[in-house]
Structure formats: structure tokens, C-alpha cells
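Enquirer: Before anything else, here's the structure in question.
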Amino acid sequence: YRSRKRSSKVERAPATMMNADMDAVEAENEVELEEKTRLINQVLELQHTLEDLSARVDAVKEENLKLKSENQVLGQYIENLMSASSVFQTTDTKSKRK
């Protein structure tokens with residue numbers, strides 16, 4: 001009877017070790033899965049941030065072009081006003097002396 005009891009203990013030990021090894025592998029896989037999930041979420045967040053920044057850059061470029069165009073129109077308008085006004089006309093000093 002004792003030999004049977006000992007042999008069953010010996011047989012149980014490897015099974016227990018296999019279960020412990022499997023538990024360790026499962027725990028490691030779970031940690032890896034959590035890390036992958038965290039990284040995927042971080043990548044997705046960065047992609048959304050990049051999309052938002054890209055859209056903002058496009059909007060700023062568009063606004064900049066609009067403002068440049070408005071500045072050109074205003075500059076031309078000011079030039080026209082200055083040329084039409086006698087205050088801004090160039091004076092010929094020689095003709096005044098005569």
C-alpha cells in the first residue's frame with residue numbers, strides 16, 4: 001500500500017507543476033494582452049490627435065490665405081485713396097519757386 005501511495009504522490013507532483021506552469025503562462029499572456037490593449041488604445045488616441053492637428057493646420061492655412069487676400073484688397077484700396085488725395089500728392093519744388 002505504501003508504494004502505491006508514494007507513486008501517486010510522485011504522479012501528482014508533475015501535474016501540479018504543469019498547472020503552476022500553465023497558470024504562469026496564462027498570467028504572462030494576460031499581462032501581454034493588457035499591454036497590447038494599452039498600446040493599441042494609445043496609438044488610436046495619437047491618431048485622433050494627429051487628425052485633429054492636421055485639420056487645425058488646414059483651417060489655419062485657409063484662414064491665412066483669406067487674410068492675405070483681404071490685406072491685398074485693403075492695400076490696394078489705401079493706395080487708391082492716397083493717390084486720389086491731394087495731401088499725399090508729391091510736390092514739385094521747382095514749379096513752386098517759379
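Enquirer: Can you confirm whether the range 55-77 contains a residue that is assigned to a helix (DSSP H, G or I) and modelled with pLDDT under 95?
Expert: Taking the range 55-77 as the starting set, the residues that turn out to be assigned to a helix (DSSP H, G or I) are 55-77.
Now drop any that are not modelled with pLDDT under 95, which leaves none.
Checked against the condition, which is being assigned to a helix (DSSP H, G or I) and modelled with pLDDT under 95, the range 55-77 yields no hits at all.
Enquirer: OK, next. Within the group M82, M22, which residue is among the aliphatic types (A, V, I, L, M), open to solvent by 90 Å² or more (accessible area, probe 1.4 Å) and at pLDDT below 95? Reasoning before the result, please.
Expert: Working: M82 fails: open to solvent by 90 Å² or more (accessible area, probe 1.4 Å).
Just one listed residue meets the conditions, M22.
Enquirer: Output the residue which, of all residues in the range 85-95 that are among the polar types (S, T, N, Q) and assigned to a helix (DSSP H, G or I), is modelled with the highest pLDDT. Before the answer, list the steps.
Expert: Start the filter on the range 85-95 by keeping residues that are among the polar types (S, T, N, Q), which leaves 85-86, 89-91, 93, 95.
Narrowing further to those that are assigned to a helix (DSSP H, G or I): 86, 93, 95.
Details: S86: 80, T93: 57, S95: 54.
Here the answer is S86.
The values are calculated or read from the model by the stated rules, or taken from the named source; none is laboratory data. Just so you know, these numbers come straight off a predicted model, no measurement behind them. We work out accessible area using only protein heavy atoms, side chains counted, and drop any ligands, DNA or RNA first. Shrake-Rupley method; radii C 1.70, N 1.55, O 1.52, S 1.80 Å.
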